[in-house]
Amino acid sequence: MEAPFDSAYAPLATVLLCLAAYLLGSVLFALPVCRLWRLPDPRALGSGNPGATNVYRTGGWAPAALTLVLDALKGWLPVWLASLAGLSVMAQAVVGLCAVTGHMVPAFYRFRGGKGVATALGTGLALAPITTLLMAAIWGAVIWRWRISALASLVAILTGPVLSALIEPDTLPLFGLLALLIVVRHRSNLIRLAQGREHGL
């Protein structure tokens with residue numbers, strides 16, 4: 001079967017998809033979703049994070065679920081396109097990381113974004129679905145027991161490198177870097193968790 005394009009164009013395709021992934025990641029879907037539901041700006045309430053958890057705190061499950069799906073989609077779509085283009089697993093991982101980075105430091109919002117968990121979910125589902133679904137199950141178990149989103153996200157993302165090493169080892173660098181990025185973005189949450197002041201659902 002003929003390749004989608006000559007391998008000589010792979011570096012150019014990777015660069016273009018990385019740029020597109022970053023720009024797509026820079027769209028903070030929590031903001032238009034809150035406008036659609038006539039909710040307050042999520043950056044001005046609660047944790048100040050423009051993500052599904054903060055939308056849930058202000059508007060309930062429906063807008064939060066839509067935010068989650070859209071934020072995950074912007075991680076899944078670029079990786080899926082990279083896969084269609086015939087790029088290597090490592091190149092697909094780099095594209096996915098660009099989408100997550102876009103959500104964290106968005107070009108359209110003065111580089112002030114969210115924690116990147118939902119976008120990482122989408123990236124993981126596109127590249128390593130078994131590992132990602134297991135992480136989602138861990139997230140669900142922690143949120144059910146303690147009702148603290150930041151704790152659930154941190155526990156789930158820190159299991160990622162271990163699970164990927166055991167199940168989908170080609171994606172270990174992706175989950176290692178995602179864990180590093182997301183833990184750094186949760187540094188204020190870590191302080192509040194240590195002090196017993198972290199927001200619950």
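The values are calculated or read from the model by the stated rules, or taken from the named source; none is laboratory data. What you see is a predicted model, and the numbers here were worked out from it, not measured in a lab. Quick reminder, even Gly has a Cβ in these numbers, built from the backbone with ideal geometry, and neighbours come from all protein chains shown.
Key figures for this structure:
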{"item": "Flag if Thr123 is under 18 Å from Leu181 (Cα atoms), at pLDDT 95 or above and of a type in the set (Ser, Thr, Tyr)", "result": "yes"}
{"item": "Top-ranked residue in the range 30-50 [being closer than 24 Å to Arg187 by Cβ, surrounded by 18 or more Cβ atoms within 10 Å (Cβ to Cβ) and in contact with a helix residue (DSSP H, G or I) (Cβ under 6 Å, 6 or more places away or on another chain); ranked as modelled with the highest pLDDT]", "result": "Ala30"}
{"item": "Hits in the range 95-117 - residues which are β-branched (Val, Ile, Thr) and either buried (at least 21 other Cβ atoms within 10 Å of the Cβ) or in contact with a Lys or Arg (Cβ under 7 Å, 6 or more places away or on another chain) (or both)", "result": "Val95, Val100, Val117"}
{"item": "All positions within the range 48-68 that are under 24 Å from Tyr22 (Cα atoms) and either outside any helix (DSSP H, G or I) or among the charged types (D, E, K, R) (or both)", "result": "Gly48, Asn49, Pro50, Gly51"}
{"item": "Residue in the range 118-125 that is in a helix (DSSP H, G or I), surrounded by fewer than 24 Cβ atoms within 10 Å (Cβ to Cβ) and of a type outside the set (Ser, Thr, Tyr) present", "result": "yes"}
{"item": "Filtered residue count, the range 147-188, keeping only those that are assigned to a helix (DSSP H, G or I) and in contact (Cβ under 8 Å) with a residue 40 or more places away in the chain", "result": "14"}
{"item": "Condition met for Val155 (out of contact with any Lys or Arg (no Cβ under 8 Å at 6 or more places or on another chain), surrounded by fewer than 24 Cβ atoms within 10 Å (Cβ to Cβ) and over 30 Å from Tyr9 (Cβ atoms))", "result": "yes"}
{"item": "Evaluation of Asp71 against (1) assigned to a helix (DSSP H, G or I); (2) farther than 22 Å from His186 by Cα; (3) touching a helix residue (DSSP H, G or I) at 6+ places or on another chain (Cβ under 6 Å) (one fails), failing number", "result": "(2)"}
{"item": "Filter result for the condition that a residue is within 15 Å of the chain's Cα centre (by Cα) and touching a residue at least 40 places away in the same chain (Cβ under 8 Å), over Gly200, Gly122", "result": "Gly122"}
{"item": "Residues of the range 78-94 satisfying the condition of being over 19 Å from Lys115 (Cα atoms) and surrounded by fewer than 24 Cβ atoms within 10 Å (Cβ to Cβ)", "result": "Trp80, Leu81, Ser83, Leu84, Ala85, Gly86, Leu87, Ser88, Val89, Met90, Ala91"}
